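*Asks:* Just passing along the structure, written as structure tokens.
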Amino acid sequence: MPLLEVDDVVVQFGGVTAVNHASFEAHAGRITGLIGPNGAGKTTCFNVISGLQKPTKGQVRFEGRAVTRLPVNRRARRGMGRTFQRLEAFGSLTVRENVRVAFDIHRGVLGMLRPAASDVDALLERVGISAYAHERADSIPTGTARLLELARCLAGEPSLLLLDEPSSGLDESETDAFGDLLAELAQEGRAVLMVEHDMDLVMSVCDDIHVLDFGSVIASGAPSDIRRDAAVQKAYLGYSDSDDDGLPAGAGHVGRGGVDVTRTDLPPVGVDDMGDETTVLPAVREPIR
Ligand SMILES: Nc1ncnc2c1ncn2[C@@H]1O[C@H](COP(=O)(O)OP(=O)(O)O)[C@@H](O)[C@H]1O
Ligand SMILES: [Mg+2]
């Protein structure tokens with residue numbers, strides 16, 4: 001049984017259909033990638049899963065039970081942990097204090113247990129940010145702040161980790177270490193569901209991938225299948241300099257709701273895959289807001 005099931009979810013914002021009959025799953029012990037161009041509906045799906053957004057239609061099931069009507073805090077208590085694309089740490093607290101507070105919030109509701117200092121330090125060590133323990137959270141590099149966000153999430157001991165663009169701001173060696181950490185977290189039995197633009201990371205760590213485009217799941221499968229999928233190639237490479245939008249390839253395409261849809265984040269495909277010239281586009285990451 002999948003730990004998480006998103007079943008035929010629709011989300012409409014006025015006239016905009018952000019999620020369009022999307023169904024996908026995430027399994028314990030596996031890393032699942034949710035990818036797609038900017039504006040595809042990935043964050044909205046995360047909001048529906050975690051309870052921040054009520055779906056217009058459809059169900060979310062967690063451990064086999066419908067949670068669609070449960071508020072955010074009750075889903076968190078059942079084991080959903082989430083990081084945000086927009087960073088959420090307390091800026092005036094130190095890195096260590098931020099993790100300690102996250103422990104307090106989690107354990108506070110369960111009893112009077114204060115986190116042992118060693119638990120806080122072990123978690124900082126685990127995500128690799130011990131060196132920043134005594135820095136204020138608003139003074140650390142973005143990549144470190146993302147790892148802090150992950151540590152805060154792990155303090156809640158989630159069985160499902162929802163990570164929204166966790167690697168943006170990490171350099172190459174930090175990204176490698178991050179990939180190893182994700183593999184470990186999955187091996188321990190957690191389900192990891194990750195929205196991520198770094199396709200090297202996605203293709204190397206994910207067991208399963210679901211691709212969203214304009215709110216619909218257009219492909220699901222193993223990384224090797226996704227790479228070869230014609231619909232996926234079209235979604236990512238369908239806008240190029242042959243379009244008459246007056247923009248150079250990779251400069252973005254204004255999608256629904258005025259969103260700048262940048263479709264350049266899948267690695268180029270080979271000649272054999274496309275039966276056409278290889279299109280080499282620069283990797284573009286979403287700006288950090
Ligand atoms: N609160 C909102 N109100 C109106 N439109 C929204 C809202 N949130 C997202 N959208 C729209 O829904 C679509 C999907 O957005 P989002 O889920 O953020 O995409 P992604 O995370 O894949 O980049 C976009 O067209 C976006 O403008
Ligand atoms: Mg998003």
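Values in this text are rule-based calculations from the coordinates and carry no lab data. Predicted model only: the values in this text are computed from it and were never measured. Ideal geometry is used to build each Cβ from the backbone, glycine not excepted, and the neighbour counts take in all protein chains shown.
*Asks:* Could you please state, rounded to a whole Å, how far the C-alpha centre of region 1-49 is from the C-alpha centre of region 187-203?
*Replies:* 15
*Asks:* Most exposed first by the Cβ proxy, i.e. fewest other Cβ within 10 Å, how do Lys54, Lys42 rank?
*Replies:* Details: Lys54 10, Lys42 27.
Going from sparsest to densest Cβ surroundings: Lys54, Lys42.
*Asks:* Quick check on packing: order 156-164, 28-36, 172-180, 137-145 by the mean number of other C-beta atoms within 10 Å, highest mean leading. Show your work: numbers first, answer last.
*Replies:* Numbers: 156-164: 21.2, 28-36: 22.9, 172-180: 15.2, 137-145: 17.4.
Highest-to-lowest ranking by the protection proxy: 28-36, 156-164, 137-145, 172-180.
*Asks:* In region 1-93, what chymotrypsin sites (Phe, Trp or Tyr not before Pro) fall in a loop by DSSP, with at most 15 other Cβ atoms inside 10 Å? Please list the in-between numbers first.
*Replies:* Working: sites: Phe13, Phe24, Phe46, Phe62, Phe84, Phe90; in loops: Phe84, Phe90.
Here the chymotrypsin sites (Phe, Trp or Tyr not before Pro) that fit, given the DSSP loop and packing criteria, are Phe90.
*Asks:* A further question follows. Name the trypsin sites (Lys or Arg not before Pro) in region 76-158 that are in a loop by DSSP and that have at most 16 other C-beta atoms within 10 Å, would you? Don't skip to the end; give the middle numbers.
*Replies:* Values: sites: Arg77, Arg78, Arg82, Arg86, Arg96, Arg100, Arg107, Arg126, Arg136, Arg146, Arg152; in loops: Arg86.
The qualifying sites are Arg86.
*Asks:* Under a point-charge model restricted to the Cβ atoms of Lys and Arg (+1) and Asp and Glu (-1), what is the dipole moment magnitude of region 20-122 relative to its Cα centre, in debye to the nearest 20? It would help to have the intermediate numbers written out before the result.
*Replies:* On the way: 17 positive and 7 negative charges, 95 e Å.
It comes to approximately 460 debye.
*Asks:* Which residues' amide hydrogens lie under 5 Å from the amide hydrogen of Lys57, considering only partners 5 or more residues apart or on another chain, with H built in the peptide plane?
*Replies:* Answer set, sorted by chain and number: Val10.
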